[in-house]
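Each remark here refers to the structure printed beneath this line.
The values are calculated or read from the model by the stated rules, or taken from the named source; none is laboratory data. All values derive from a computational prediction rather than experimental measurement. Neighbour counts run over all protein chains shown; Cβ positions are idealised from the backbone, glycine included.
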């Protein structure tokens, strides 16, 4: 597993944790590409994943489905996913959908890497 670039997504390996910098929008247009990028990480053996929402301004229900699918896949292999850097709109979408109860959500990347390790 090496550093790579996906659909407006940078992936960086930090101490065995795959840190994914997400795009500005995650919606029906790019959700399949975002899903494919995460699937590729999982196929390469990633079991600790941080999703960094720092650049993300918008997420739709299609985007939420991506994160639910990744979480389920990780949990099957005793993996974990931590979310960080959410702007208020994105945090509200996750909260309203009840997803904040499913995921570990922290403020920043450093805390996320620590929580995922």
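When residues in the stretch 89-110 are screened for being surrounded by 15 or more Cβ atoms within 10 Å (Cβ to Cβ) and in a helix (DSSP H, G or I), 7 of them pass.
On inspection, residue 55 does not qualify as out of contact with any helix residue (DSSP H, G or I) (no Cβ under 7 Å at 6 or more places or on another chain), in contact (Cβ under 8 Å) with a residue 12 or more places away in the chain, loosely packed, with under 15 Cβ neighbours inside 10 Å and not in a strand (DSSP E or B). Answer yes or no as to whether residue 86 is modelled with pLDDT of 95 or more, out of contact with any helix residue (DSSP H, G or I) (no Cβ under 6 Å at 6 or more places or on another chain), surrounded by 14 or more Cβ atoms within 10 Å (Cβ to Cβ) and at negative phi. So residue 86 fits the description; yes. On the basis of being at pLDDT 95 or above, closer than 22 Å to residue 14 by Cβ and either under 12 Å from the mean Cα position of the chain (by Cα) or not in a loop (DSSP other than H, G, I, E, B) (or both), does residue 50 make the cut? For residue 50, the condition - at pLDDT 95 or above, closer than 22 Å to residue 14 by Cβ and either under 12 Å from the mean Cα position of the chain (by Cα) or not in a loop (DSSP other than H, G, I, E, B) (or both) - is met. In the stretch 1-28, of all residues being modelled with pLDDT under 95 and assigned to a loop (DSSP other than H, G, I, E, B), the one that is surrounded by the fewest Cβ atoms within 10 Å (Cβ to Cβ) corresponds to 2.
Selection of first residues in the stretch 91-109 that are on the phi < 0 side of the Ramachandran plot and free of Cβ contacts under 8 Å to residues at least 60 places away in the same chain and of second residues that are surrounded by fewer than 16 Cβ atoms within 10 Å (Cβ to Cβ) and assigned to a loop (DSSP other than H, G, I, E, B), restricted to Cβ pairs under 6 Å at least 6 apart or on distinct chains, gives an empty result.
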